[in-house]
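Accompanying notes for the structure given below.
The values are calculated or read from the model by the stated rules, or taken from the named source; none is laboratory data. Predicted, not measured: the structure shown is a model, and the values here were computed from it. Cβ coordinates were reconstructed from backbone atoms using ideal geometry, including for glycine residues, and neighbour counts include every protein chain displayed.
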Amino acid sequence: MGKIYCKDMSYLIFMLLLLSSLGCQKIDYEAIAKGITKEAKANLTEKLTTSIAAGGTVQAIPFCKQNAGPFTNALGMKNDVLLRRISDKPRNPLNVVSDEERRIFLEIGANQSKEGEYPTKTVVKKDFVTVYIPIPTAGLCLQCHGEPNLDIKKDTLMVLQKEYPGDLARGYRVGSLRGLFSVRFAK
């Protein structure tokens with residue numbers, strides 16, 4: 001009877017360890033967030049490039065104003081996350097950083113690597129996990145986010161002033177940190 005008891009106990013311990021390990025699988029939030037934001041960047045860039053090719057930067061501004069927010073929201077819902085684009089110098093006031101996000105933005109911006117890359121940041125709270133993915137300025141971005149009258153043409157500047165009267169999203173150079181994707185996962 002002692003041998004059976006040991007076998008049963010060993011089996012029970014094995015099963016408990018197996019079951020507990022299944023419940024403790026760690027979710028790689030950063031990898032998931034990078035996948036979501038990669039899709040967002042690729043899709044927004046493709047749509048913006050198509051719009052610029054069809055009617056120039058002037059035509060792309062209203063397109064971007066009408067579509068960037070809804071696309072970002074839809075992609076977030078599709079992936080069961082809250083997906084936002086945020087900046088310390090937003091064009092759209094809905095994209096302004098909170099005080100906590102400003103600290104994170106400054107931290108990420110201050111840690112650019114020698115290769116010009118910015119780190120990601122993961123913040124874990126009681127009910128959610130937020131991953132911040134940097135949005136560096138690309139050459140294409142300068143047409144609307146560069147220096148006025150240098151990178152941004154006068155007709156483009158006029159449309160920007162009309163569409164975004166409180167616009168702060170100018171004066172960037174290639175490689176500068178323009179914003180962050182905020183990807184929030186519910187726990």
In the stretch 116-131, the residues that are assigned to a loop (DSSP other than H, G, I, E, B) and either modelled with pLDDT of 95 or more or in contact with a helix residue (DSSP H, G or I) (Cβ under 7 Å, 6 or more places away or on another chain) (or both): GLU117, TYR118, PRO119, THR120, LYS125, LYS126, ASP127
Would you confirm, using the coordinates I've provided, whether LEU142 is within 23 Å of the chain's Cα centre (by Cα), free of Cβ contacts under 8 Å to residues at least 40 places away in the same chain and assigned to a helix (DSSP H, G or I)? yes
Going through the stretch 28-56 one residue at a time, which ones are over 30 Å from ASN149 (Cβ atoms) and in contact (Cβ under 8 Å) with a residue 12 or more places away in the chain? TYR29, GLU30, ILE32, ALA33, LYS34, ILE36, THR37, GLU39, ALA40, ASN43
Those residues that are without any contact (Cβ under 8 Å) to a residue 40 or more places away in the chain and either part of a strand (DSSP E or B) or over 12 Å from LEU180 (Cβ atoms) (or both), I need them from the stretch 104-115; list them, please. ALA110, ASN111, SER113, LYS114, GLU115
Only residues in the stretch 88-103 that are hydroxyl-bearing (Ser, Thr, Tyr) count as the first member; pair them with residues that are outside any helix (DSSP H, G or I), Cβ under 9 angstrom, at least 6 apart or cross-chain, and list the lot. SER98/ILE86
Which is closer than 18 Å to LEU83 by Cβ, among the basic types (Lys, Arg) and either touching an Asp or Glu at 6+ places or on another chain (Cβ under 8 Å) or surrounded by fewer than 15 Cβ atoms within 10 Å (Cβ to Cβ) (or both), of LYS126, LYS121? LYS121
Go over the candidates LYS7, LYS65, LYS47, LYS38 one by one and state the one that is charged (D, E, K, R), at pLDDT 95 or above and part of a helix (DSSP H, G or I). LYS38
Can you pull out every residue in the stretch 172-184 that is within 15 Å of LYS34 (Cβ to Cβ) and surrounded by 20 or more Cβ atoms within 10 Å (Cβ to Cβ)? LEU180, PHE181, SER182, VAL183
Return yes or no: is LEU83 assigned to a strand (DSSP E or B), of a type in the set (A, V, I, L, M) and crowded, with 17+ Cβ neighbours inside 10 Å? yes
In this structure, is LEU157 of a type in the set (A, V, I, L, M), at negative phi, in contact with a Pro (Cβ under 7 Å, 6 or more places away or on another chain) and without any contact (Cβ under 8 Å) to a residue 60 or more places away in the chain? yes
Residues to consider are GLN59, GLN112; find the one that is polar (S, T, N, Q), under 15 Å from CYS144 (Cβ atoms) and either crowded, with 16+ Cβ neighbours inside 10 Å or more than 13 Å from the chain's Cα centre (by Cα) (or both). GLN59
